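Scroll down for the structure; my scribbles are underneath it.
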Amino acid sequence: MRKFKIGYRTLKTAIGAPLAIFLAQLMDLNHFVSTGIIAILCIQVTKKKSLKSAWSRFFACITGMMFSFLFFEIFGYHPIVIGFLLLFFIPTMVLFKTTEGIVTSAVIILHLYEAGQITLDIVQNELLIIVTGIGVALLMNLYMPSLENDLNIYRKEVEKNFAVIFEKIVAFLREGDYTWDGKEIPETADLIEKGKGLALRNVENRLLRHEDQYYAYFKMREKQFEIIERVLPTFTMITANVEQAHLIAQFIEELKDNIHSGNTAKKFLKKLDDIKKEMERTPLPKTRKEFETRARLYHFLYEMEQYLIIKSQFKGLADAKKGKG
């Protein structure tokens with residue numbers, strides 16, 4: 001049985017809609033229920049989306065009132081006129097990229113049609129309906145819960161899976177053991193995708209900031225994961241047991257124990273360079289299998305170098321100083 005959960009957006013909608021209606025009733029507005037509809041439509045999952053939605057609906061409603069005045073006052077208050085009005089109004093909203101406001105403005109247009117006339121009092125009533133509904137929605141969206149705890153959960157799960165994958169690589173290099181179901185591969189891809197999505201929501205809740213360290217983090221992991229996916233098939237073609245494999249296994253094991261949100265890539269790039277120099281000093285391979293194995297190991301080192309370069313370009317998360325994560 002799934003746990004029943006009420007989200008923040010649902011809670012804000014449940015508070016905002018009746019609050020908007022209550023305020024409209026206090027002002028003795030006609031069609032006061034419409035303020036609740038506008039509030040519901042304007043409450044979004046992020047502050048930026050809420051502002052965009054509010055602007056689209058406000059612009060559409062004002063434009064709808066202008067179209068209503070032109071069409072109804074010139075051609076009369078007949079159902080067919082509504083059709084002609086919409087034929088011009090909807091493309092105008094598409095042109096100005098405010099299609100979100102079409103439904104809301106249609107409500108205002110129908111109010112004016114129902115009134116059978118457009119006076120200053122009626123226009124004032126409709127303006128107050130729009131402003132009250134939008135205003136309450138924006139008020140509700142002033143508070144957005146922090147997503148950092150959830151982002152850190154995704155981060156730690158990604159890092160744990162990276163460590164498991166590296167552990168399997170070490171086991172293969174040392175023992176030729178590749179009895180692994182590989183479940184961490186699709187899991188990690190899914191975690192990174194969800195982490196990126198959540199990080200984007202975090203960006204949209206910060207009106208004055210356009211970048212997010214968590215989004216940069218998950219993009220960095222995504223690039224590294226592409227490298228991991230690319231090198232894994234290499235190990236199925238390694239058939240000879242060579243000394244260099246154990247040397248690389250030791251390096252990967254140390255790297256596995258240092259997967260965190262800080263930036264220690266430069267230290268490992270130096271270690272990797274030392275390994276390459278040491279491998280260059282070893283005698284040439286004696287058999288074809290040994291030659292092919294060492295060639296694949298060199299290719300693996302090249303890929304791991306790219307993996308570390310990607311990490312070296314990442315500035316690190318703010319909580320990196322707290323330790324591994």
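The values are calculated or read from the model by the stated rules, or taken from the named source; none is laboratory data. Model, not experiment: these values are computed from the prediction. Positions of Cβ are backbone-derived with ideal geometry, glycine not excepted, and every protein chain shown enters the neighbour counts. The accessibility values were calculated without ligands, DNA or RNA, using every heavy atom of the protein model including side chains. Shrake-Rupley method; radii C 1.70, N 1.55, O 1.52, S 1.80 Å.
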Task: Residue list for region 254-285, restricted to those being of a type outside the set (D, E), within 12 Å of L301 (Cβ to Cβ) and free of Cβ contacts under 8 Å to residues at least 12 places away in the same chain - done: K277
Open item on the list: Of the residues L70, L95, only one is within 30 Å of G197 (Cα to Cα), open to solvent by 60 Å² or more (accessible area, probe 1.4 Å) and without any contact (Cβ under 8 Å) to a residue 24 or more places away in the chain; which?
Closed with: L95
- [ ] Answer with yes or no whether V203 is more than 30 Å from F22 (Cα to Cα), of a type in the set (A, V, I, L, M, F, W, C), open to solvent by less than 40 Å² (accessible area, probe 1.4 Å) and within 19 Å of the chain's Cα centre (by Cα).
- [x] yes
Task: Exclusive hit being touching a helix residue (DSSP H, G or I) at 6+ places or on another chain (Cβ under 6 Å) and at negative phi, set I15, I40, I74, I80 - done: I40
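Residue by residue, here is whether (1) buried (at least 18 other Cβ atoms within 10 Å of the Cβ); (2) at pLDDT below 90 holds:
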{"position": "I6", "(1), (2)": "no, yes"}
{"position": "G16", "(1), (2)": "yes, yes"}
{"position": "L29", "(1), (2)": "yes, no"}
{"position": "V33", "(1), (2)": "no, no"}
{"position": "G36", "(1), (2)": "yes, no"}
{"position": "T46", "(1), (2)": "yes, yes"}
{"position": "S53", "(1), (2)": "yes, yes"}
{"position": "C61", "(1), (2)": "yes, no"}
Task: Every residue from region 107-142 that is part of a loop (DSSP other than H, G, I, E, B), under 22 Å from T13 (Cα atoms) and of a type outside the set (A, V, I, L, M) - done: N141
- [ ] For residues that are of a type in the set (D, E, K, R), open to solvent by 60 Å² or more (accessible area, probe 1.4 Å) and either at pLDDT 95 or above or more than 24 Å from the chain's Cα centre (by Cα) (or both), tally how many sit in region 108-153.
- [x] 2
Task: Selected residue (only one of T35, T63, T13, T104 is under 22 Å from L128 (Cα atoms), among the hydroxyl-bearing types (S, T, Y), touching a Lys or Arg at 6+ places or on another chain (Cβ under 9 Å) and part of a helix (DSSP H, G or I)) - done: T104
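To keep it simple, each residue is scored yes or no on (1) at pLDDT below 85; (2) under 15 Å from A245 (Cα atoms); (3) open to solvent by 100 Å² or more (accessible area, probe 1.4 Å); (4) part of a loop (DSSP other than H, G, I, E, B).
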{"site": "F268", "(1), (2), (3), (4)": "no, no, no, no"}
{"site": "K286", "(1), (2), (3), (4)": "yes, no, yes, yes"}
{"site": "T293", "(1), (2), (3), (4)": "yes, yes, no, no"}
{"site": "L301", "(1), (2), (3), (4)": "no, yes, no, no"}
{"site": "M304", "(1), (2), (3), (4)": "no, yes, no, no"}
{"site": "Y307", "(1), (2), (3), (4)": "no, no, no, no"}
{"site": "I310", "(1), (2), (3), (4)": "no, no, no, no"}
